[in-house]
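The values are calculated or read from the model by the stated rules, or taken from the named source; none is laboratory data. Please read these numbers as outputs of a predicted model, since none were measured by experiment. Glycine also receives a Cβ, built like all others from the backbone with ideal geometry; neighbour counts cover every protein chain displayed.
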Amino acid sequence: MFTKKLTIIALLAIGSFNAIAQDQDPKAKKVLDELSAKTKAYTTIKAEFTWVIEKKDKSKDSQSGKIQTKGSKYKLEIPGHEIYCDGKTVWDYIKDANEVQIKDMEVGGDDAVNPSNIFTIYEKGFKYKFESEDATTQIISLFPTNPDKKKFHTIKLYIDKNKKQITSVKMFMKDGTTQTYTIKTFAGSTPIVDTEFVFDTKAHKGISIEDLR
């Protein structure tokens, strides 16, 4: 189901750390604090990404997408779907079917994540460890504080040392698959009007509307 894919994409995000301080790696915390400060300074974010799933048999599936965020608002585009959220309502437009599904934005709960926090996942519900670095990249591992509630056991963040930006995220799932998200382009604080985050049903003649609210 696409909603499951959307949840996975959303897990690329980052917020305020709630794990026990003594359990955390201070070197990793310094890097994540710098990353968080840089990310939160942007009024908007536009990015293009690729998503690769590698199964246990080494076969791979991939797709590309685009994301725009502004506070709790977002617009996500992946093949076959456009998802809009104005901070309260979510519209999932299924292109081939010319159908839009409307629901309330999920709020609260341990897994209530969405594309509006795609660049801020590490800040809530994780322990973290500094793994390694080279001249350009720092690698930090995240471990969920409530692993029984997650479908993954580890997330690795790849961070550009100079730009203080996530360049790639690799998720290690409990079923043995891996999911890698690579940011291809990134632009912060570019003007985005609020109407970009609202789906216009009138622009799609003959559209089928399924209101799930």
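Laid out as a table, the results:
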| quantity | calculated |
| --- | --- |
| Residue in the stretch 157-171 that is farthest from GLU48 (Cα to Cα), counting only those that are of a type outside the set (S, T, N, Q) and surrounded by fewer than 16 Cβ atoms within 10 Å (Cβ to Cβ) | LYS161 |
| Pairs where the first residue, in the stretch 139-166, is in contact (Cβ under 8 Å) with a residue 40 or more places away in the chain and at positive phi and the second is in a strand (DSSP E or B) and crowded, with 17+ Cβ neighbours inside 10 Å, C-beta under 9 Å, 6+ apart | none |
| Positions within the stretch 188-202 being modelled with pLDDT of 95 or more and either in contact with a helix residue (DSSP H, G or I) (Cβ under 6 Å, 6 or more places away or on another chain) or of a type in the set (Gly, Ala, Ser) (or both), in sequence order | SER189 |
| Neighbours by Cβ (under 6 Å, 6+ apart or cross-chain): first from the stretch 88-99, touching a residue at least 40 places away in the same chain (Cβ under 8 Å); second buried (at least 16 other Cβ atoms within 10 Å of the Cβ) and part of a strand (DSSP E or B) | TRP91/TYR84; TRP91/VAL100; TRP91/ILE102; ASP92/ILE83; ASP92/GLN101; TYR93/GLU82; TYR93/VAL100 |
| Positions within the stretch 90-133 being modelled with pLDDT of 95 or more and either assigned to a loop (DSSP other than H, G, I, E, B) or among the polar types (S, T, N, Q) (or both), in sequence order | LYS95, ASP96, ALA97, ASN98, GLN101, SER132 |
| Verdict on LYS60 being in contact (Cβ under 8 Å) with a residue 60 or more places away in the chain, over 15 Å from VAL169 (Cβ atoms), among the basic types (Lys, Arg) and surrounded by fewer than 15 Cβ atoms within 10 Å (Cβ to Cβ) | no |
| Exclusive hit being among the hydroxyl-bearing types (Ser, Thr, Tyr), surrounded by fewer than 18 Cβ atoms within 10 Å (Cβ to Cβ) and modelled with pLDDT of 90 or more, set THR7, THR44, THR69 | THR44 |
